[in-house]
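Peer 1: Please find one structure pasted underneath; my questions will follow.
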Amino acid sequence: MEMLKRNIEIPPVDEDAVNEVPIEEVQLETGTNSEESAHLRAVELADAGGYANALERLKDEGLLSGEVGRIQETCREALEDAVWMTEADWEMLAVLHCFDEKTALHCVNTYRIAKAKIEEITLSGHHMSELVGREGVTLEQFYRACLFHDIGKCCIPRATLNNTLHDADWDEHLCEEVLENKNATLIEKMRARLGDLPPIEEGREGLLAYLKDHHERAMHFVPLASVVGEEELARIVETFPDIDPREHTLADVIAKHEHVSGEILTAVGLDVEGELASQHHNYDHAPLKYPMSGMTLSLSAKWEELLKLADMTQALSSRRAYKEGWSIPIVCEKLIEEVKRGDVTNILAALWIKNEFSHMDASEYGEEDLAALGRVQQFLDVMEPLLEEAAKEIEQEDASMASLAAHDEAVPA
């Protein structure tokens, strides 16, 4: 497969720039001192214990309209084609932006990536936008779900959401809990999920190799009580009474946002968007509801899977305070892991990755990335016959429809 020598042009909003510059510096470039004081107050109010509370407080203090104007200016180019956005949509995005700027920009960029893929991916000469079904989900509903899939993060205390521990820090905490503290609850949890742990004499090196072999991260096992202060723990438990700091993890708290996103969107009458957002990770492995039924019988994919691919591509390729962004070959490998786990349909992932390949420049990659690129190419080689089969289905459907149309024209009215 030929690789086009051009860079990926999306996302249009530069999250790296946002991450590199302190928020105060970003703010001071955008308005008067009075405007900035109002914005800082809005940021304070947004961490009010949930979306509805934040929205109400911003309205009560007359700050919402100013924040809507701010986010419209920030995302003027990125959302210039989102003509479907209503006043209520802009208000929701403004609240999210006040609560956590990086999360808001991630959502905008997830929408941009999803939209670009729907417009670019082709099968048998048809763009995906021509092939997807319209029985249960419109493109507008899907795009809105992309834009607000993380609105539920407004319910998570800001300090918790923005925890900056690196993977190396989590590794140290895990080794301490397992090897030094002999945390029986944690050890049993790891055994139940991954199988028997390595012998204790293998120590830190053996434990971390064990995690790597199982493609797991330490943060999914270290209990909250080991890494979070008392004040923050109290707020987490107040927000989520079912969380036990001695047993549950930071990942468990963050995972709460998925269900809450669905609740927020449903509460404002966006039922389809709410259902899509509530399964963009599908932590519970529940049956997905919305098939992309217009494509082919071979491609039994769901809209929720398309949202998941856009979300993962954006998040994994972006730099965060706690990690560097991964290259597209590494991201594609992570998407393939989702296929192996049965969380994403293989043909949909292959179409997505094949499109990513068309934007890659292999000369930009080092040894590790090139090795990943080769493994991803092997996946695409295996998938090629299935893609060809799906394309033939579309060709046969096109021929059938053309035949029916010709027959209808030939029959006198």
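Peer 1: With the checklist (1) at pLDDT below 95; (2) aliphatic (A, V, I, L, M); (3) in contact with a Phe, Trp or Tyr (Cβ under 6 Å, 6 or more places away or on another chain) in hand, flag the one item VAL21 doesn't pass.
Peer 2: So VAL21 meets the others, but not (3).
Peer 1: Hey, can you tell me all the residues within the range 205-226 that are surrounded by fewer than 19 Cβ atoms within 10 Å (Cβ to Cβ) and not in a helix (DSSP H, G or I)?
Peer 2: HIS214, HIS215, GLU216, ARG217
Peer 1: On to the next question. What is the residue count in the range 51-79 for residues that are of a type in the set (Gly, Ala, Ser) and buried (at least 20 other Cβ atoms within 10 Å of the Cβ)? Walk me through it before giving the result.
Peer 2: First pass over the range 51-79, keeping only residues of a type in the set (Gly, Ala, Ser): 52, 54, 62, 65-66, 69, 78.
Still in the running and buried (at least 20 other Cβ atoms within 10 Å of the Cβ): 54.
So the answer is 1.
Peer 1: Surrounded by fewer than 17 Cβ atoms within 10 Å (Cβ to Cβ), without any contact (Cβ under 8 Å) to a residue 40 or more places away in the chain and either of a type in the set (Gly, Ala, Ser) or in a helix (DSSP H, G or I) (or both): is that true of ALA168 in this structure?
Peer 2: Working: surrounded by fewer than 17 Cβ atoms within 10 Å (Cβ to Cβ): yes; without any contact (Cβ under 8 Å) to a residue 40 or more places away in the chain: yes; either of a type in the set (Gly, Ala, Ser) or in a helix (DSSP H, G or I) (or both): yes.
Criteria met by ALA168.
Peer 1: If LYS182 meets every condition in (1) within 21 Å of ASP252 (Cβ to Cβ); (2) in a loop (DSSP other than H, G, I, E, B); (3) modelled with pLDDT of 90 or more apart from one, which number is that one?
Peer 2: With (1) within 21 Å of ASP252 (Cβ to Cβ); (2) in a loop (DSSP other than H, G, I, E, B); (3) modelled with pLDDT of 90 or more applied to LYS182, the lone miss is (1).
Peer 1: Here is a further query. I'd like to check something: does the range 186-204 contain any residue that is of a type in the set (Asp, Glu), in contact with a Leu (Cβ under 7 Å, 6 or more places away or on another chain) and in a helix (DSSP H, G or I)? Show your work before the answer.
Peer 2: Within the range 186-204, the subset of a type in the set (Asp, Glu) is 188, 196, 201-202.
Next, from what is left, pick out any that are in contact with a Leu (Cβ under 7 Å, 6 or more places away or on another chain): none.
There is no residue in the range 186-204 that is of a type in the set (Asp, Glu), in contact with a Leu (Cβ under 7 Å, 6 or more places away or on another chain) and in a helix (DSSP H, G or I).
Peer 1: Only residues that are of a type in the set (Lys, Arg) and within 14 Å of the chain's Cα centre (by Cα): list them for the range 321-341, please. So that I can check it myself, show each step before the final result.
Peer 2: First, pick out the residues of the range 321-341 that are of a type in the set (Lys, Arg): 323, 334, 340-341.
Across the range 321-341, the qualifying residue is only LYS334.
Peer 1: Could you list all residues from the range 262-287 that are of a type in the set (Asp, Glu), open to solvent by 30 Å² or more (accessible area, probe 1.4 Å) and within 17 Å of the chain's Cα centre (by Cα)? Even if it seems obvious, please write down each step before you answer.
Peer 2: Step one: filter the range 262-287 for residues of a type in the set (Asp, Glu), giving 263, 271, 273, 275, 284.
With open to solvent by 30 Å² or more (accessible area, probe 1.4 Å) added as a condition, the list becomes 263, 271, 275, 284.
Selection gives GLU275, ASP284.
Peer 1: Grab the helices (runs of 4 or more DSSP H) fully contained in the range 29-148, keeping just those with 3 or more residues being in contact (Cβ under 8 Å) with a residue 40 or more places away in the chain and under 30 Å from LEU309 (Cα atoms). Outline the logic, then answer.
Peer 2: On the way: elements: 33-46, 51-60, 64-74, 87-99, 101-120, 128-131, 139-147.
By residue number, 51-60, 64-74, 87-99, 101-120, 139-147.
Peer 1: Among (1) touching a Lys or Arg at 6+ places or on another chain (Cβ under 9 Å); (2) open to solvent by less than 10 Å² (accessible area, probe 1.4 Å), there is one condition ASN355 misses while meeting the rest; what is its number?
Peer 2: (2)
Peer 1: Filtering the range 311-341 down to residues that are modelled with pLDDT under 90 and over 20 Å from GLU101 (Cβ atoms), which residue is least open to solvent (accessible area, probe 1.4 Å)?
Peer 2: Step by step, filter the range 311-341, then rank; the result is TRP326.
Peer 1: Quick check, is GLU232 assigned to a helix (DSSP H, G or I), farther than 26 Å from HIS280 by Cα and either aromatic (Phe, Trp, Tyr) or in contact (Cβ under 8 Å) with a residue 60 or more places away in the chain (or both)? Write out each step before concluding.
Peer 2: On the way: assigned to a helix (DSSP H, G or I): yes; farther than 26 Å from HIS280 by Cα: yes; either aromatic (Phe, Trp, Tyr) or in contact (Cβ under 8 Å) with a residue 60 or more places away in the chain (or both): yes.
Here the answer is yes, as GLU232 does meet what is asked.
Peer 1: I've got another one for you. Using beta carbons and a limit of 6 Å, which pairs, at least six apart or on different chains, have the first residue in the range 259-271 and free of Cβ contacts under 8 Å to residues at least 60 places away in the same chain and assigned to a helix (DSSP H, G or I) and the second one crowded, with 17+ Cβ neighbours inside 10 Å and among the small types (Gly, Ala, Ser)?
Peer 2: Filtered contacts from the range 259-271: THR266/GLY274.
The values are calculated or read from the model by the stated rules, or taken from the named source; none is laboratory data. Predicted model, so just to flag it, every value in this text is computed and none were measured. In this analysis, Cβ positions are derived from the backbone assuming ideal geometry, glycine residues included, and neighbour counts consider all displayed protein chains. Surface areas here come from the heavy atoms of the whole protein model, side chains and all, with no ligands, DNA or RNA. Shrake-Rupley method; radii C 1.70, N 1.55, O 1.52, S 1.80 Å.
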